Structures are given as structure tokens and as C-alpha cells.
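The structure appears below as C-alpha cells.
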Amino acid sequence: MTSALLPTYARYALAFERGEGAWLFSTQGEKYLDFGGGIAVASLGYNHPHLVEALTEQAKKLWHTSNLFQMPEGERLARRLCDASFADTVFFTNSGAEALELTIKMARKWNAANGSAERFHIVTFQGAFHGRTLATIAAGGNAKYLDGFGERTPGFDQVAFGDLKAAERVIGPRTGAILVEPIQGEGGIRVGDRDFIRGLRALCDHHKLLLCFDEVQCGMGRTGKLFAYELYGVAPDILASAKGIGGGFPLGAVLATKEAGKGMTLGTHGTTYGGNPLAMACGNAVLDIMLADGFLDEVARKGLVLRQQLAGLTAAYPEIVTEIRGEGLMQGLKLTVAPAEFAAAARAKKLIVIPAADNVVRILPPLIVSDEEIRIGVDRLAEACAAMKAAKEPEKA
Ligand SMILES: *Cc1c(COP(=O)(O)O)cnc(C)c1O
């Protein structure tokens, strides 16, 4: 039967009916180890008792009231996020793209509030992904995502990721901000190096620009820090979060300093659903776990375990895996074969990994993954490598 869904996705012939920890169970009764986490969303895995309880308890009380009313659980979550970060203020959204839209609006409005409305241009980077709205596809600059959707939203000047000199050169009288993923996700787990990220902070300070980090994928514990910027020893002025922040419930957030948010006065932005009671219950429950003593240290430790074991793949299958890169539980395998084909080979071994650009597959296990599960996952990756190697050299098979 043909699908009634708009065919914008090439979906795998695989559906899941339940999950438990790092494992997914298909409608055919097969058990998969999930090293994709629904694209870094299932940060605490599936069926986490604390999240399930928080969601179901809230579901019995109140789902939605709108932002016309006080939101006690939202106040609490915003306060906790500020206490745990550089930020003074938070706005909740339903998705990453919406968080980026507000990031862009806030940066523009800050410049306008400073009497420089002409400074609405933002420096962005090749390989970036910021979402699929009209502004965020312009910010990301991927021609495939822009094609056919009319005139590109103006105000984004893109340079090569990692090229500090090019970023400096492109800054002009209309530039008001820099927007970067400290670690590119969709772009292929490209880790911004320390000098580059710190250099962007210095450029922003020098030219009076706002530094905006898109941590939709690399934030919320993924790297072993609550936010990736902590790895660099510099803070942004605005940070967009989503994906892992809701543990599977649609939730995004924009974190900002008081100064960066100063243009966003009464009525300048809004959302119907953003920050509703169900989302806030889930967001608070996710933070309960992530901020618990030792949790993030464990993520960092398991990231090293994963990294060490993945290194064995480049040694054993240099003709398939040429590089391992990433931070914490956000790792990428740079491949000589098509990432989609590699991901299919991994699925055949009952392991889920996610293709990205730059010939990379992403390894994004839930942060609650165990050492034993890491070992099983890497074994299955090795099996996928062996299968790809055999397919590549049929004459020797
Ligand atoms: C996924 C992603 C987005 C977009 O998030 P959506 O929830 O799909 O709108 C933006 N930025 C980055 C870095 C992402 O990984």
C-alpha cells in the first residue's frame, strides 16, 4: 500500500514498538542496540523510569495552559538551566529549528537595540546544520536544502568551518553575530578545535558581536559536559539547545545572557506550545538525572571507553574506517564506503548508527549506555566493517 505520509524521507523497512534502556524492539520482535538515540534525542535511553513517571504524573494533572499564565515548572527548569550554565534567561521552544530561529532573531534584535539595525548579518560555517525553516536553511547554507524554496533568506555569510582568518575577513559593517556548532553533528562530527572556538569568542569581543552556539546536538551531556562550550573554556552569549534536553519529548531552549536578551522585550517573540507543562515535566526530569552527582563524569569516562574501542576499528579495518573523531558519547567514523551502506550493514547486525555528511557515520548512544553495551556495539561495528570489506573485495572473499 502506498504511504499517506509526504515522501520526504527514505525510511528503512523497520518499525519499533518499544524500547528499554539502549535497546529497541521491532514490530517483528527483533532486538536492536541503539547507537543513534533517535538522532541524539533519547539522551537517557528508552522507558527511563524517572522520565516515565514525570510524564505520566503530569499527564494526569495538566497538559497545556498557554503562555498567558504563570508556568511554575518552566520557571524552575529555566532557573536550573541558568544555575548550571553561563545564562541568565531562557526561552522554551518545541524544536531545534525554533530555538535557532529565536537565536537569530535575538542576535538581530540586540544589534537593533544598540542602534545598529543594519547589523543583521550573521557569520555561519560550511557543513553546519541549523534546522529546516526558511531562515535556518539559509544559515546552514546547504544547497540541497535551499533549492526550489525561493529567494534565500538574507543575512548569512558563510565561511569554512575552522577557518578563523576567513571568519575575520567576512566581518563587515553589517555583521552582528557569529553562529557556530562547536561540534558539527549532521556535518560529520567535526570538532571545532580549541583555537578556532576561542578565536571566535575573541573576534566577537573585538568587533562587538554576539557569539551564538548551536548546541542542539552536542549539548545536554553528550560530550561529558552539560554543554560543549565548557570543553573550550569560553562561553557564548546565546546558546540553542534541543534534542537531548527533552529525553524524547519535543523540547528546545534558548539560553542567553541578560545583555544578549535585552532587545527581546514584551511581545517581541512568542509560542503557543513552547514550555508547556508536559514538556517542562520532562525537561526537569532529564535535568534531575544529568545533574545528579557523578552522572556527567560517567558520560565522559564512557566516552573514553568508547573512543578507545573504536580506535581498534581503524587498526583492524583501515580499508573501511580511516578516522575516529568526536567528544564523549558523540563519535564519528570516517569511512571509505557510503555511510548509508555502512549503516545498513550495521542494522543487519542489529545495531543502529546514523549517517552524516563528510562520509561519516555517527555513534550517539544514550548517555546511560553501559560498558558492556559499548563492547557489544563496537563488536557489531566490527562485524559491519568485515561485511563491508567482504563486499568491497569480492574477489578475495
Ligand atoms: C537537529 C538539529 C537542529 C534542528 O533541530 P530540529 O528539532 O530538527 O528542528 C539544529 N541544529 C543542530 C545542530 C541539530 O543537530
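What follows draws every value from the coordinates through simple rules; no lab data is involved. These numbers come from a predicted model, not from an experiment. Counting neighbours? That spans all protein chains shown, and the Cβs are built from the backbone with ideal geometry, glycine included.
Packing, as the average of other Cβ atoms within 10 Å across residues, places the peptides 181-192, 245-256 in the order 245-256, 181-192, highest first.
Find, to one decimal place in angstroms, the Kirkwood hydrodynamic radius of region 95-176, where the mean of 1/r is taken over every pair of different Cα atoms and then inverted.
Evaluated over region 95-176, this radius sits at 13.1 Å.
Only helical DSSP H runs with n ≥ 4 go in: add -39500 (n - 2.57) per run for the chain, normalise by residue count and round the 222 nm mean residue ellipticity to 500 deg cm²/dmol. Roughly -11500 deg cm²/dmol at 222 nm, from the helical runs in the chain. The phi torsions of region 38-43, fed into the Karplus equation with coefficients 6.51, -1.76 and 1.60 and a -60° offset, translate into couplings of x, 6, 6, 8, 6, 5 Hz, rounded to whole numbers, with Gly and Pro shown as x. Across the alpha-carbon set of region 40-96, the Rg to Rh ratio works out to 0.99, Rh being the Kirkwood radius. Give me the percent of DSSP beta bridges within the chain that run antiparallel, rounded to the nearest 5. Antiparallel bridges: around 65 percent, rounded to the nearest 5. Taking the Cα centre of region 104-181 as reference, the dipole from Cβ charges on Lys and Arg (+1) and Asp and Glu (-1) amounts to some 180 debye. Using only side-chain charges placed at the Cβ, +1 for Lys and Arg and -1 for Asp and Glu, the dipole size of the chain relative to its Cα centre rounds to 480 debye. Equivalent-ellipsoid semi-axes for region 143-283 (Cα gyration tensor, √(5λ), whole Å, largest first): 25, 19, 18.
Averaging Cα coordinates gives a centre for region 321-363 and one for region 1-59; these two points are 19 Å apart. Against the chain, whose longest principal axis is taken from its Cα atoms, helix 295-316 shows a tilt of about 50°. For the cross-link pairs Lys208/Lys262; Lys334/Lys392; Lys31/Lys61; Lys165/Lys262, the ones whose C-alpha atoms lie over 23 Å apart are Lys31/Lys61; Lys165/Lys262.
Both radii were evaluated on the Cα set of region 150-232; the Rg over Rh quotient, with Rh as the Kirkwood radius, amounts to 0.98.
Which percent of the Cα-Cα distances in region 288-367 go past 15 Å?
Summing the P(r) of region 288-367 above 15 Å gives 59 percent of all pairs.
Modelled this way, with points 7 Å down the Cα-to-C-beta line, the labels at Ala338 and Lys60 are 5.1 nm from one another. With neighbours defined as other Cβ atoms within 10 Å of a residue's Cβ, the residues Leu33, Leu291 order from fewest to most as Leu291, Leu33. The phi torsions of region 214-221, fed into the Karplus equation with coefficients 6.51, -1.76 and 1.60 and a -60° offset, translate into couplings of 8, 10, 4, 9, 8, x, 6, x Hz, rounded to whole numbers, with Gly and Pro shown as x. Between helix 277-290 and the chain there is an angle of about 60 degrees, using the helix long axis and the longest principal axis of the Cα atoms. Label separation (Leu134 vs Ala4): 3.0 nm, computed from points 7 Å beyond Cα along the C-beta direction.
Entry note: the chain has Rg to Rh equal to 0.97, where both radii use alpha-carbon atoms and Rh is the Kirkwood radius. Highest-first packing order for the peptide set 103-115, 258-270, 220-232 is 220-232, 103-115, 258-270, based on the mean count of other beta carbon atoms within 10 Å. Compared with the dominant principal axis of the Cα atoms in the chain, helix 96-113 is inclined by about 30°.
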